1. Relative contact order, percent, of the chain when contacts are C-alpha pairs under 8 Å separated by at least 6 residues?
2. Please pull out the direction-averaged projected area of segment 24-76, using the convex hull of its alpha-carbon atoms, in nm² to one decimal place.
3. Quick one: with all protein chains in place, what share of the accessible area of segment 11-131 is carbon or sulfur, to the nearest percent (1.4 Å probe)?
4. Work out the length of the dipole vector of the chain about its Cα centre, built from +1 on the beta-carbon of each Lys and Arg and -1 on the beta-carbon of each Asp and Glu, and round it to the nearest 20 debye.
5. Report, by chain and number, residues whose modeled amide H sits under 5 Å from the one on Ser47, excluding near sequence neighbours (fewer than 5 apart, same chain).
6. Give the span of the chain's Cα atoms along each principal axis, as three whole-Å numbers ordered largest to smallest.
7. Please give the calculated 222 nm ellipticity per residue for the chain, where each DSSP H segment of at least 4 residues contributes -39500 (n - 2.57) and the sum is spread over every residue; nearest 500 deg cm²/dmol?
8. If you take the charge dipole of segment 28-131 about its Cα centre, with +1 on Lys and Arg Cβ and -1 on Asp and Glu Cβ, which of Leu106, Ile130, Ser84 is farthest toward its positive end?
Amino acid sequence: MIQSAGTPSRLLETTLTVLGRSLLALVGVYAAGRLGLAIAFTEPQISLIWLPPGIAVGVMFRWGIRYAPIIFLAVFLIELGVASPGVAAGISLGSTLGPWVVTRLLRLLRFDPNFVYRRDVVWFVVAAMIG
């Protein structure tokens with residue numbers, strides 16, 4: 001039996017895909033953040049290695065901007081361990097907006113993640129410095 005895109009089976013599959021990706025993004029960003037804080041430099045909240053923005057750019061570039069709230073939640077949960085809720089929310093907002101801007105910029109510049117053209121390398125480096 002051929003199923004159209006609007007069937008309950010297709011809707012369930014799409015919902016499970018989005019939930020699975022959301023969980024993967026949440027766990028990935030959270031784990032990377034906790035790892036970064038575990039190797040803190042001077043203070044428990046200062047890390048020289050901070051991977052969550054890179055993972056966030058990858059998630060939003062590959063799967064879409066709609067995952068930004070998941071990124072916000074993951075960073076918020078990380079920051080709750082070292083800051084007050086208000087400060088954690090502010091840091092989370094900044095840690096979500098940076099990758100969001102980079103993702104939008106890369107899409108605007110028609111960035112090809114296969115790095116086929118030299119310009120893709122240049123735009124990637126520029127976007128990484130901005131983000």
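The values are calculated or read from the model by the stated rules, or taken from the named source; none is laboratory data. Bear in mind the structure is a predicted one, so any value in this text is a computation, not a measurement. Cβ coordinates were reconstructed from backbone atoms using ideal geometry, including for glycine residues, and neighbour counts include every protein chain displayed. With ligands, DNA and RNA removed, areas are computed over all heavy atoms of the protein, side chains included. Shrake-Rupley method; radii C 1.70, N 1.55, O 1.52, S 1.80 Å.
1. That works out to 20 percent.
2. The orientation-averaged projected area of the Cα hull of segment 24-76 comes to 3.3 nm².
3. 70
4. 420
5. Placed amide hydrogens put Phe41 under 5 Å from Ser47.
6. Result, largest extent first: 62, 38, 22 Å.
7. Value at 222 nm, helices only, nearest 500: -24000 deg cm²/dmol.
8. Going by the Cα projections, it comes out as Leu106.
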